[in-house]
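No value in this document is a laboratory result; all are computed from the given coordinates. Quick caveat, the model's predicted, so the values are computed rather than measured. Note: ideal-geometry Cβ built from the backbone for every residue, glycine included; neighbour counts use all protein chains shown.
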Amino acid sequence: MLSSNRKPNRCTARAFVALLAVLVVQGVSAATAVPTAPLSDAEKIQALIRTVEARKDLQFIRLDVAHSAREAANVLRIKLAFAGDRVKTVDDFIDHVATATQSGKPYYVRYPDGTEVTSAEFLRQELKRIEHPPVAGRMKRR
């Protein structure tokens, strides 16, 4: 049986002090963390194009032909370059570059289960994720 007035050994005391120091440093770091600046429209546009390119699980439908993620991203880059100064905002990009052909025929995104959505719907959803990323380190509630 252990005595209640027994002194903790040095190893346990050091571990406790070290743990306490780590917690204090983490608390100070979290309290003084500098929030990142919001992305510019140009950065959001580039992030959307990179998102398209990364989605290898999707097909991008243009003029009734399925294209790979890489092909779709390249088309967006080319159309953006041709649009030049006419694209000032991420909304300009989505509305006038990334959602339809010049003749107005809409682009679609096909998911692996066969579901299709307009590219406008897909890009607006991705834009929300880009503008409001999940907070790192946030614990999930059970």
| Peptides 78-85, 52-59, 114-121: what's the order by average Cβ count within 10 Å, highest mean first? | 52-59, 114-121, 78-85
| Taking K and R as +1 and D and E as -1, what net charge do the other residues with C-beta under 11 Å from the C-beta of V90 add up to? | -4
| task | Taking amide H positions as placed in the peptide plane 1.01 Å from N, state which residues far from A100 in sequence (5 or more) or on other chains have amide H under 5 Å from it. | result | Y107
| query | When the Cα atoms of region 70-125 are enclosed in a convex hull and the volume is divided per residue, what value in Å³ results? | reply | 82
| field | Set K79/K105; K44/K128; K44/K79; K56/K128 screened for pairs whose C-alpha atoms are more than 18 Å apart | value | K56/K128
